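The structure appears right after this line, and notes come after that.
The values are calculated or read from the model by the stated rules, or taken from the named source; none is laboratory data. All figures in this text were calculated on a predicted structure; none of them were measured in a lab. Note that each Cβ is placed from the backbone with ideal geometry, even for glycine, and that neighbours are counted across all protein chains shown.
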Amino acid sequence: MTTIRVAVPRKGRPLEAVLERLAAQTGTADLADEIISTLRYEKAITKGKQSADAHVYDRLADYSTLDDPTRPEFSLLRDDRDGMPRRIVFDSVTVPVGDLRVQLVGREEPFRALRKHEFALGFDSADLVLEEVVELRADPLEDLASVNERIDPHDTDVRVVNGLGDTVWHTLLATSDVKQSYDPDLTREFVEAYEGPLCISPRYERLVEAVLGTRALEDVTWAYPDNGTEEEAAIADAGLGVYLTVTGSTARDHGLELGERLFPSETVLLENVSEMSAPAREAADLFDGQDLDTELLAE
């Protein structure tokens, strides 16, 4: 059997999306549920929302099975919260599929691992691709299908293959006063006419430039939330901003109106085109379900 290693996040929504997709294709729902529930429990402990009787090293030993690769392994990392507590995260598991063994391997930065040619396949947030490698242009980047067109082939061999549909949207938000001062339609065109502060998380500056287009930002100045300030509250102070939303209820609680959904923050399947093989392509097909909204061709 051929083993194909796939880089995946160590925790969080993107890892859950990968596990659920693989479970749907291979009938390993119990395995996925076990990993997801373990990580959610450990996250709650790290955040102080759960308590544990056993020491973290004892829990790690209970969760991990070292002599059977088809059972999950976990690792310890230092979390960046106050006190830097130890946090249990995903390490690896192998799922036999026909003549293949698909080994999911946890990485802090799967996209960068693919860029360094450590893997042929991997999963990461589409956000990171925008933040690192897409070309900034005057016109906006509006959807996942256009991402590969803006990747310089001399910069990286990594391309986006498809999305897993676990979508949270980067959404345009504004106070009613700012909105009424310019245009009732809170769209990209609104930003192009707007002059003033635009509040974003600092790590999304390049992403916002890509999805709004540099032309729309000519008269805009960046504003960032102060440490400890909720993004929605900071956007309300600035009058206009971009932030991740699902239902938008928290934004509305801060007096903000929801505008255009600018770009999906979604887990995407990535491939390093120079590392692909026939077995790697077969493994990639496992995550290419017909119900996906997004399907791209990596050239």
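Values as computed for the structure displayed
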read-out: Scope the stretch 144-155; condition without any contact (Cβ under 8 Å) to a residue 60 or more places away in the chain and among the polar types (S, T, N, Q); matching residues; value: 146
read-out: Among the residues listed as 77, 39, 22, the single one being surrounded by 13 or more Cβ atoms within 10 Å (Cβ to Cβ), at pLDDT 95 or above, hydrophobic (A, V, I, L, M, F, W, C) and within 25 Å of the chain's Cα centre (by Cα); value: 39
read-out: Yes/no for residue 101 being outside any loop (DSSP other than H, G, I, E, B) and in contact (Cβ under 8 Å) with a residue 24 or more places away in the chain; value: yes
read-out: Failed item in (1) more than 19 Å from the chain's Cα centre (by Cα); (2) assigned to a loop (DSSP other than H, G, I, E, B), with residue 119 passing the rest; value: (1)
read-out: Residue 87 being at negative phi, touching an Asp or Glu at 6+ places or on another chain (Cβ under 9 Å) and surrounded by 15 or more Cβ atoms within 10 Å (Cβ to Cβ); value: yes
read-out: Qualifying residue in the stretch 151-159 (condition: outside the structural domain of residue 256 (by TED's automatic domain parsing), under 30 Å from residue 283 (Cβ atoms), assigned to a helix (DSSP H, G or I) and modelled with pLDDT under 95); value: no
read-out: Matching option when the condition is at pLDDT 95 or above, out of contact with any Gly (no Cβ under 8 Å at 6 or more places or on another chain) and assigned by TED's automatic domain parsing to the domain that holds residue 277, among 113, 138, 120; value: 120
read-out: Subset of the stretch 82-116 that is basic (Lys, Arg) and under 20 Å from the mean Cα position of the chain (by Cα) - its residue that is nearest to residue 62 (Cα to Cα); value: 87
read-out: Helices (runs of 4 or more DSSP H) wholly inside the stretch 187-295 containing at least 3 residues that are outside the structural domain of residue 114 (by TED's automatic domain parsing) and crowded, with 21+ Cβ neighbours inside 10 Å; value: 205-212, 231-238
read-out: So residue 265, is it under 28 Å from residue 16 (Cβ atoms), free of Cβ contacts under 8 Å to residues at least 60 places away in the same chain, of a type in the set (Gly, Ala, Ser) and out of contact with any Pro (no Cβ under 7 Å at 6 or more places or on another chain); value: no
read-out: Count of the stretch 3-19 residues which are at pLDDT below 95 and surrounded by fewer than 17 Cβ atoms within 10 Å (Cβ to Cβ); value: 2
read-out: Those residues of the stretch 173-186 which are of a type outside the set (Ser, Thr, Tyr), within 19 Å of residue 245 (Cβ to Cβ) and assigned to a helix (DSSP H, G or I), in sequence order; value: 178, 179
read-out: Residues within the stretch 171-204 that are closer than 27 Å to residue 18 by Cα and modelled with pLDDT of 95 or more, tallied; value: 1
read-out: Checklist (1) touching a residue at least 24 places away in the same chain (Cβ under 8 Å); (2) part of a helix (DSSP H, G or I); (3) not hydrophobic (A, V, I, L, M, F, W, C) applied to residue 165, failing item; value: (2)
read-out: Residue, nearest to residue 120 (Cα to Cα), within the stretch 72-97, restricted to residues that are in a loop (DSSP other than H, G, I, E, B) and touching a residue at least 24 places away in the same chain (Cβ under 8 Å); value: 72
read-out: Any chance residue 8 is in the same structural domain as residue 115 (by TED's automatic domain parsing), under 25 Å from residue 277 (Cβ atoms) and more than 21 Å from the chain's Cα centre (by Cα); value: no
read-out: Residue match in the stretch 29-48 (condition: farther than 22 Å from residue 285 by Cα and not in a helix (DSSP H, G or I)); value: yes
